[in-house]
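Structure first, then comments.
Nothing in this text is a laboratory measurement; each read-out follows from the coordinates by a stated rule. Model, not experiment: these values are computed from the prediction. We place every Cβ from the backbone using ideal geometry, glycine too, and count neighbours over all the protein chains shown.
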Ligand SMILES: Cc1cc2nc3c(=O)[nH]c(=O)nc-3n(C[C@H](O)[C@H](O)[C@H](O)COP(=O)(O)OP(=O)(O)OC[C@H]3O[C@@H](n4cnc5c(N)ncnc54)[C@H](O)[C@@H]3O)c2cc1C
């Protein structure tokens, strides 16, 4: 296999010299910075995870584009209907263990489809450039890329060309051999751990916005690129018992600044073709939201497991009616979301570029439904696990030999578990439902992949309500 191992990825970070800031200070060494350790670990362990025997044959795929064996969820262009089913299954499985799978394959696939549309409409040859870029990624170890789609957008009522002073990413100069871009992108998940940045537009644009219709790829250390990172939600101190999930996984978010960055011609995939910008949003609303349905189902699996374990260490379990009902509710919400991921795949349509796009009606309805259940699931976790989730002593207290005997005695629960095991189980609930990670999980569920209203917008636009009104009139014998 030619793609990185976790260790090779860590080593590869030394080859890059990105301009990254965190907590107001410049980061000198991404691989070694304590506030980037979860990010680097999340990405590095992802390369190793997919080599594990039980998922290897699904998580690694031979790319028809490059002929290389590549990580499916991060680098594959989804040109077989089967890809959508395998992706949903893997996404659910991996999200249930580490919250985020990384969805690079969705981003490459929707960009592929949009670029195909641009070439078809304008006679350009951007897709060949994009294909060359992807082959380069596949043949150089599959280094991670940051997805820069979301613009700052300023006053939401106006398009970028009507903002008093837009910060959205735009072309400021066209010159021989390339373009110069300026502006910002927000919410760059895992950005500081990437090798490359891929930029795309985030919304429909008009003719006056044509300079904002820009897509390209550049190395993360290209001159003028700066990332201002927000630390991972997990702890900055080493407390793996207290924060079992977030001390290892989830990563930084970043504000990415493009300060007059030169992009060479061979890396430009869209340059002013404003008419096709909206297409990317349509494809995103279909392909990525299918993944989000499966991802949220994985989170339900994680919540259900954590809740059942908490009940067990407390001496209760699924035989207690209200606990059984609440955990069953979490499970059923997860199955609903997963059903929509599969239903969207079953009704998918193939785009002329070869990319399969799941049924947007099903996946947007599914995502709107499942993302709105997270508040209830967090409530159930607190309810089932009990108040210790927010009142128990810390890991440092447990590690103090003078305090441990007191804690050990006071916090004993089900005799089948030691106090330490009980604390570990309750700390998992704390990490999920009562920590900074909870806030990130909420933001991740509610806003990532577009706000809930955008789900409704898609459904309202596509659902054939006129046909239903006609049927209603026929049944009611209304003849006009
Ligand atoms: C954890 C996380 C990770 C993310 N990762 C990435 C990433 O890696 N790359 C990336 O590019 N993006 C990423 N995003 C961005 C994500 O796609 C956006 O947050 C999402 O699309 C919402 O956009 P916004 O944050 O600008 O909110 P807004 O668009 O400001 O939305 C706020 C509210 O205003 C409403 N609204 C906005 N505009 C209008 C309007 N014109 N009329 C009426 N109502 C309006 C919305 O519906 C919503 O209710 C991430 C977000 C999160 C939370």
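Seen from a random direction on average, the alpha-carbon convex hull of the range 208-325 projects onto 12.1 square nanometres. The Cα atoms of the range 116-244 give a gyration tensor whose axes a ≥ b ≥ c have a/c of 1.5 or more with a/b no greater than b/c, which makes the shape oblate.
Its relative contact order, with pairs defined as Cα atoms under 8 Å and 6+ residues apart, puts the range 186-319 at 31 percent. Taking Cα atoms only, the orientation of helix 126-139 departs from the longest principal axis of the chain by about 40 degrees. Spatial offset of the range 248-284 relative to the range 1-76 amounts to 20 Å, using the alpha carbon center of each.
Take every pair of alpha-carbon atoms less than 8 Å apart whose residues are at least six positions apart; their mean separation over the length of the range 1-89 yields a relative contact order of 26 percent. Each part gets one Cα centre, and for the range 361-425 versus the range 88-118 those centres are 31 Å apart. Relative to its residue count, the range 278-467 spans a Cα convex hull of 144 Å³ per residue.
Computed from Cα atoms, the angle from the helix 321-346 axis to the main principal axis of the chain rounds to 20 degrees. Taking the chain as the reference, fit the longest principal axis to its C-alpha atoms, fit the long axis of helix 37-49 to the helix C-alpha atoms, and give the angle between the two in degrees, 0 to 90, nearest 10. That helix lies at roughly 80 degrees to the long axis. Using alpha carbon centroids, what distance separates the range 305-324 and the range 147-175, in Å? Each part reduced to its Cα centre gives a spacing of 50 Å. Highest mean first, the peptides 36-44, 310-318 sorted by other C-beta atoms within 10 Å per residue fall in the order 36-44, 310-318. Put in order of Cβ neighbour count within 10 Å, fewest first, the listed residues 295, 271, 300 become 271, 300, 295.
Arrange 45, 243, 451 by Cβ neighbour counts within 10 Å, fewest through most, would you?
On the way: 45 15, 243 24, 451 12.
Going from least to most buried by this count: 451, 45, 243.
The overall shape of the range 82-170 is oblate: from the C-alpha gyration tensor, with semi-axes ordered a ≥ b ≥ c, the ratio a/c is 1.5 or greater and a/b is no larger than b/c.
Across the chain, the relative contact order, built from alpha-carbon pairs under 8 Å that are at least six residues apart, equals 17 percent.
How are the C-alpha pair distances of the chain spread across 20 Å bins, as whole percents from the shortest bin up? All Cα pairs considered, the percentages come to 23, 54, 21, 3, 0. Looking at the range 139-237, the DSSP beta bridges with both ends there are about 65 percent antiparallel.
Taking square-rooted eigenvalues a ≥ b ≥ c of the alpha carbon gyration tensor, is the range 10-149 rounded, prolate or oblate, where a/c under 1.5 means rounded and, failing that, a/b exceeding b/c means prolate? Here the range 10-149 falls in the oblate category. Annotation: the residues 238, 209, sorted from fewest to most other C-beta atoms within 10 Å of their own C-beta, follow the order 238, 209.
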